[in-house]
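For reference, the structure discussed in these notes is given below.
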Amino acid sequence: QVQLVESGGGSGQAGGSLRLSCAASSSIVSFNAVGWYRQAPGKQRELVARIIKVGVPSYADSVKGRFTISRDNAQNTVDLQMNSLKPEGAAVYYCRAVHFPTDYWGQGTQVTVSS
């Protein structure tokens, strides 16, 4: 069983930056995909960014050019650098890892953005 623990959430200002980190309890080298999702109150959970295997990262249109996902196989971490924060980006952010056929989720970290 893999545990994912997110950190780095908190409060940021519009236009500012936050960095989220997801630490896995075991090696992520063989994971099929890693990514970040978010869920705002009253809304469905949505994809923010992901990396499939060692492929090119993909991003939701709403964060392209502002967010960067990175994967460190040596540290077993998946980070999300969030720049140019917007108030509509406030949500609980979740780390997800897929090691087929199992899907792992972290407990989530809250991000608030003040205007």
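The values are calculated or read from the model by the stated rules, or taken from the named source; none is laboratory data. If you're wondering where the values come from, they're calculated on a predicted model, not measured in any experiment. Glycine also receives a Cβ, built like all others from the backbone with ideal geometry; neighbour counts cover every protein chain displayed. In case anyone asks, the SASA skips ligands and DNA or RNA and just uses the protein heavy atoms, side chains included. Shrake-Rupley method; radii C 1.70, N 1.55, O 1.52, S 1.80 Å.
Descriptive notes on the structure:
- Other residues lying with their Cβ under 11 Å from the Cβ of VAL92 contribute a combined charge of +2, Lys and Arg counting +1, Asp and Glu -1.
- Using the Cβ of SER70 as centre and a radius below 13 Å, the other residues enclosed give a net charge of +1, where K and R count +1 and D and E count -1.
- The calculated FRET efficiency for the pair GLN1 and SER114, based on their C-beta separation and a Förster distance of 30 Å, comes to about 0.20.
- Using a probe of 1.4 Å on the protein chains alone, the accessible area found for PHE67 is around 10 Å².
- The residues of the chain expose on average 53 square angstrom of accessible surface per residue, using a 1.4 Å probe on protein heavy atoms.
- Measuring nothing but protein heavy atoms, the accessible surface of the chain at 1.4 Å probe radius is 50 percent carbon and sulfur.
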